[in-house]
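Readers should treat all values here as calculations from the given coordinates under stated rules, not as data from a laboratory. Keep in mind that this is a model prediction, so the values were computed, not measured. Neighbour counts run over all protein chains shown; Cβ positions are idealised from the backbone, glycine included.
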Amino acid sequence: MLLKAVKARKIKDSRGDPTIEVIIEKVKASAPSGKSTGKYETHPYHKSLDWNIKFLNSQVFNLEVNSFDDLKKLELFIKKKAKLRDAKQFGANALFALECAILKALAKEQKKQLWQIINAEARKIPIPLGNVIEGGLHAHNKDHPTFQEFLVIPNEKSFEKNYILMKKIHSELHKLLNENKKTDEGAWESRLHNSEIFTILSSFKGVRLGTDAAASSFYKNGNYQYKSKSFGQKEQINYVNTLIKKYNLLYIEDPLHEEDFQGFSQISKASKHLVVGDDLTATQISRLKKAIKLKSINAIIIKPNQNGSLLELQEIFKICKKNKIKTILSHRSGETMDDALADLSFGYQADFIKAGVATKWREVKLERLVKIEKNAG
């Protein structure tokens, strides 16, 4: 495929915030945006969204792109034309949308699925993490749980059955919580405390539980600030380890703040549950390697637009596989109708996908994985 020119424009994400969309040969790709952002993630744009759009619309690329690896040519082109030290300086949102649009256009030309361009040998379907209740920075009401996400993790024999079970639980929680309000991600708001929510979720059959504590969001002046108490590092570690044991948590994400690699290493780890880095690692290779060296995590959140480069994402997955780190490909709170995350999760062979449960922006990704599962056999 000869890439000559692209069209870039501004669209709105699910929160109504502006983001970038790239169009190549009538194929569209767009980037989401995060509300809870890690300190170390790549900036979304080089100078601004408008600058990136203007730059892309003014370029004549003349690049031959016939495979995933040809994205190297693109990144060299961007680096040279924009006079950057590294292609990621172009901005994670802009680079991700551009690379994704190119791969989609290539898939269309070759009459393939997007995931086949990434990895034609892919076979394993990821397990979905169902974010059903939210607090923290994602909550709109002031009286919310401290932890940011409360997850149900089904383990049915097919992705479709997992999806159906998550939807059922999400629907039933509407009555149990007596709540009508949803967060940006479609999860239910709640005024209950962390433990009260885990107790309610424990009543559902066929799922394990998980949480994204997003501890950096309530870490202030050297302590973890809860509604009626304040924990130091040791107390926070003990609290999290107690929750893991009491509620048989499968998944605990960012239980400590984003600088505490040593503290992460003291959170209980076992083959039966995962300690996950998100803000800690920010989808950056250097942060991942440090976490592996210090034995901080045994799983990692991978957000494409925290990094920007699909080539680096491939390298991150390789490093994780080599070091037996479980991988979770994740959406953001401000999403678009682009369903590419599903193909990326399958193509990269992620262990899990976190894409919410409800709202059209989440459902389009989960429904795409249902189709992939059926078509890929």
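What ranking do 304-313, 177-186, 132-141 get when scored by the average of other Cβ atoms within 10 Å per residue, highest first?
Working: 304-313: 24.1, 177-186: 17.4, 132-141: 21.7.
Top to bottom by mean Cβ count within 10 Å: 304-313, 132-141, 177-186.
Which helices count as membrane-span-like in the chain under these terms: full DSSP H, at least 24 Å along the axis by C-alpha, Kyte-Doolittle mean of 0.5 or more?
On the way: long enough: 92-109 (25 Å, 0.97); 159-177 (27 Å, -0.30).
Sorted by number, the helices that extend far enough and score high enough are 92-109.
Report which label in [x] 64, 51, 43; [y] 193, 51, 41; [z] 59, 43, 39 holds the value of Cα extents along the principal axes in Å derived from the coordinates of this structure.
Here Cα extents along the principal axes in Å agrees with entry [z].
May I ask you to compute the full-extension gain from Gln110 to Arg9, defined as 0.36 nm times their residue separation minus their alpha-carbon distance, rounded to one decimal in nm?
Once the chain is fully extended between Gln110 and Arg9, it gains 33.8 nm.
Looking only at the stretch 235-250, which residues have a backbone nitrogen under 13 Å from a spot 7 Å from the Cα of Ser202 in the C-beta direction?
242-250
At q = 0.14, 0.16, 0.23 Å⁻¹, what log₁₀ I(q)/I(0) does a Debye calculation on the Cα points of the stretch 70-173 give, no solvent, two decimals?
For the stretch 70-173, the Cα-only Debye profile gives -0.88, -0.93, -1.07.
Divide by every residue of the chain the summed helix terms, -39500 (n - 2.57) for each DSSP H run of at least 4, and state the resulting mean residue ellipticity at 222 nm, rounded to the nearest 500 deg cm²/dmol.
Numbers: 13 runs with 140 residues, N = 377.
After summing the helix terms and dividing by residue count, I get -11000 deg cm²/dmol.
What ranking do Lys73, Lys104 get, fewest neighbouring Cβ atoms within 10 angstrom at the top?
Exposure proxy ranking, most exposed first: Lys73, Lys104.
Where does each of Val22, Val276, Val65 land when they are ranked from fewest to most other beta-carbon atoms within 10 angstrom? Could the numbers behind the result be given before it?
Working: Val22 28, Val276 31, Val65 21.
So the residues, fewest neighbours to most, are Val65, Val22, Val276.
So for Glu315, Glu149, Glu189, fewest C-beta neighbours within 10 Å to most, what's the order?
Glu315, Glu189, Glu149
Which whole-angstrom value gives the distance between the alpha carbon centres of the stretch 1-50 and the stretch 126-177?
When both Cα centres are located, 27 Å separates them.
Which peptide among 225-237, 337-349 comes first, and what is the full order, when sorted by highest mean count of other Cβ atoms within 10 Å?
Top to bottom by mean Cβ count within 10 Å: 337-349, 225-237.
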